[in-house]
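Q: Input: one structure, supplied below.
The values are calculated or read from the model by the stated rules, or taken from the named source; none is laboratory data. The structure displayed is predicted, hence computed values, not measured ones. Glycine also receives a Cβ, built like all others from the backbone with ideal geometry; neighbour counts cover every protein chain displayed. Each accessible area value is taken on the protein alone, full model and side chains, heavy atoms only, with ligands, DNA and RNA left out. Shrake-Rupley method; radii C 1.70, N 1.55, O 1.52, S 1.80 Å.
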Amino acid sequence: MNRSLLLCLFFFALLKMNAQQITEKNTDSLYFQGLELYQNKQYQQSLQYTNRGLQLAPEYHDIRILRVRNLWALDSIDQATTDLEFLMQNAQDYPGVRELTVRHTKLLKDPEEALAYLEQLEKTQSLSANMLILKSELLLQNKDKKASREIALDLFNNRELDQNKRYVLQNILKRTIRDEIGVNYQYIYFSDEYNRENWQTISPEFQHYFNSSAVIARVNYTDRGYDQSTLYELESYPVFSNKVYAFLNLGISDGTLYPDLRSSASLFVNIFSIFELETGARLLHFSDEDYYSGILGLTMYKGKFYINSRVFLGPEINDQLTQNYQLNVRYYLNNADNFFFLRLGTGISPDETTIFTQVQENPSLEAYYSNLGLNFTIGPHHIFQVGGGYLFEDITSNRQGDQFIGNVGYRYRF
């Protein structure tokens, strides 16, 4: 009796196993049945159909792509790697293969493992721009800033990059600088209508990156003939994510030519990939008076152009609300450190540290400001900047004056 029961059970089990075995030989039918199971999240059953399909037709790339997706869903990353290596060696230009490889690299949670996978791919074919950007990001995660920066700089020269990729590269380049020392010199020539001596300012500074956040220490020494003064500044650019960072500044002085205290804060948020929104405020403290300014800015990255508009409202001086409207444009040459820059504006912003004190003298009178220059590098360490500006403003209600502003700067990057 028991023996008969066991034989029956064995017979039914054998029938069940035979029923589960896939005997279909039409590879298209296998693909579409597997795809339907995948879409219904029946990944293990779908995997069986893709296995059968590849037994019959190893070159059926759509089935292999579907098997990769099943293996991802089943967290079998290593097995998926083998299939992707086959696709990249035999069908790297097949639709979807390169995108699949980018996503697979991101699924390799260990940066070293992901980099090893990319290096293996590079032995058989050149990497796409997306893959190189990903490699640069992985090198940055792996704390190899030098190699990450070299890839990003090389990619930045590609004129065919779209705005999204260029924005990612901008962030990589900002985050791969370690240390810089520099000095800037400014000379302001006043026309005869002012009846004052020309101004000179020299500003040495040191910049260091803590991970992705930059901190700058700066000293501004100005000589205006009748008096001299020094402003000490500490500035920071904390980065919170690929889309959000901030600007913070704190400065103190003896209070003669500069404010006793100046503080600044702005938050920058990337929106719709190519735009960057800024909102912030500035505080200037003179003796017993506090002056506040509000800021709103919008930047667009378009090809090799950086186009920024900013509005400063305030401070209110002698019952007059000072206002500054400006347009800033950069045209990048072969990388992010080589560019022409242009600024056009009405009024003087509180960020113009040296010349803003003139607003206190004439808060209600009009001023027009322009500045043009070039930022360029020689080798990997030396950065130069030269620029010239012109400021036309009302000195009194019936008298105008001209100012010519020259800037020369040098930075050494470690």
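Q: A 30 angstrom limit on the alpha carbon distance is what I want to check against. Which of 109/174; 41/145; 25/123; 123/302; 41/143; 25/109 exceed it?
A: 41/145; 25/123; 123/302; 41/143; 25/109
Q: Quote the charge dipole size of the chain about the Cα centre in Debye, to the nearest 20; the model charges only the Cβ of Lys and Arg (+1) and of Asp and Glu (-1).
A: Computed about the Cα centre, the dipole is about 2280 debye.
Q: I need the P(r) histogram for the stretch 17-126: all alpha carbon pairs, bin width 10 Å from 0 out to the longest distance, whole percents.
A: 14, 45, 30, 10, 1
Q: Another question, if that's okay. In terms of the ratio Rg/(2.2 N^0.38 Å) built on C-alpha atoms, what value belongs to the stretch 330-379?
A: Against the empirical 2.2 N^0.38 Å value, I get 1.52 for the stretch 330-379.
Q: For the stretch 79-224, what is the largest minus smallest coordinate of the Cα atoms on each principal axis, given in angstrom and ordered from greatest to least?
A: Projected onto its principal axes, the Cα set of the stretch 79-224 covers 78, 30, 20 Å.
Q: All other residues with a Cβ under 15 Å from the Cβ of residue 389 taken together, and with Lys, Arg as +1 and Asp, Glu as -1, what is their net charge?
A: Net charge around residue 389: -3.
Q: Give me D for the stretch 261-414 in µm² s⁻¹, whole number, from Stokes-Einstein with Rh from the Kirkwood sum over alpha-carbon pairs, 20 °C and 1.002 mPa s.
A: 125
Q: In addition: Find out how many positive minus negative residues lie around residue 182, taking Lys and Arg as positive, Asp and Glu as negative, among other residues whose Cβ is under 12 Å from that of residue 182.
A: Local charge sum for residue 182: 0.
Q: Taking only protein heavy atoms into account and a 1.4 Å probe, give the accessible area per residue of the stretch 104-165 in Å².
A: Accessible area per residue: 56 Å².
Q: Now a separate question. Taking every eigenvalue of the Cα gyration tensor of the chain, multiplying by 5 and rooting it, what semi-axes result, largest first, whole Å?
A: Three semi-axes, in Å: 64, 21, 19.
Q: Still on this model: Along the charge dipole of the chain, which of 213, 133, 400 sits closest to the positive end, that is, farthest toward it, with unit charges on the beta carbon of Lys, Arg, Asp and Glu (+1, +1, -1, -1)?
A: Ranked along the dipole, the leading option is 133.
Q: Also: In the chain, with Lys and Arg counted as +1 and Asp and Glu as -1 at Cβ, which of these residues, 53, 253, 348, has the Cα nearest the positive end of the dipole, that is, farthest along it?
A: 53
Q: Can you give the Kirkwood hydrodynamic radius for the stretch 197-292, in Å, rounded to one decimal and based on Cα pairs?
A: In the stretch 197-292 this quantity evaluates to 15.1 Å.
Q: Further question: To check my understanding: the extent here is largest minus smallest coordinate of the Cα atoms along each principal axis. What are those three numbers for the stretch 126-211, in Å, largest first?
A: 64, 30, 16
Q: Could you give the C-alpha radius of gyration of the stretch 88-146 expressed as a fraction of 2.2 N^0.38 Å, taking N as the number of residues it contains?
A: Output field value: 1.08.
Q: If you look at just the Cα atoms of the stretch 355-414, how large are its Rg and its Dmax in Å?
A: Looking at the stretch 355-414, its Cα Rg and Dmax stand at 16.3, 52 Å.
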